[in-house]
1. So what's the net charge close to Gln91: Lys and Arg +1, Asp and Glu -1, counting the other residues with Cβ under 12 Å from its Cβ?
2. Spit out the partnerless Cys residues in the chain, using Cβ distances under 4.7 Å as the pairing rule.
3. Given the peptides 19-25, 71-77, arrange them by the average over their residues of other C-beta atoms within 10 Å, most packed first.
4. Assuming 0.36 nm per residue, please report the length gained on full extension of the stretch Ala37 to Thr75 beyond their Cα-Cα distance.
5. Can you give the Kirkwood hydrodynamic radius of the stretch 12-117 from its Cα pairs, in Å with one decimal?
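Just so you know, all these numbers are worked out from the coordinates, no wet-lab data involved. It should be emphasised that the depicted structure is a prediction, and the values quoted were computed from it without experimental measurement. No Cβ is skipped: glycine too gets one built from the backbone with ideal geometry, and neighbour counts run over all protein chains shown.
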Amino acid sequence: MAAQQGCQTGAYVVVGFTLKDQNVTKQTHGDLWYSPACRAMWGDFNVPELMYPITGQLWTQPEYGGVNRLAASTTLVDTGNWTTPMVDWQQSVKFCGSHKGGIDPDMDLPSQGYNACTAWR
């Protein structure tokens, strides 16, 4: 995706999150990336150890407000890495990790870090 389109050159992590799970020693981590060259954002989800299925989600919202939209989502049932498709940077974007599937983790509070999202960017 980003690499194939030349978007990783100059790209950087805007913000990230770490999920807290007392059942594992290596915690799941997510990063929200920005590419100035492609004017795009994407999420990178790293799951080094897993006890239960976990979902990575990339959410968008129109530039001047509106309804949140789930732009990309996957549920990992094994360890690994997932990189979302890129989305236009001229909208609000957040990246989340959740043990509860396709719901917006921000709407499932409090979770004590078991679900987490970046701030909207």
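1. Working: positive: Arg39, Arg69, Lys94, Arg121; negative: Glu63, Asp88.
My count for the surroundings of Gln91 gives +2.
2. Isolated Cys, the chain: none found.
3. Values: 19-25: 13.6, 71-77: 15.6.
Answer by packing, highest mean first, reads 71-77, 19-25.
4. Values: separation 38, 0.36 × 38 = 13.68 nm, distance 2.95 nm.
Taking 0.36 nm per residue and subtracting the Cα distance, the gain is 10.7 nm.
5. Working: mean 1/r = 0.0720 Å⁻¹.
After inverting the mean inverse Cα-Cα distance, the result is 13.9 Å.
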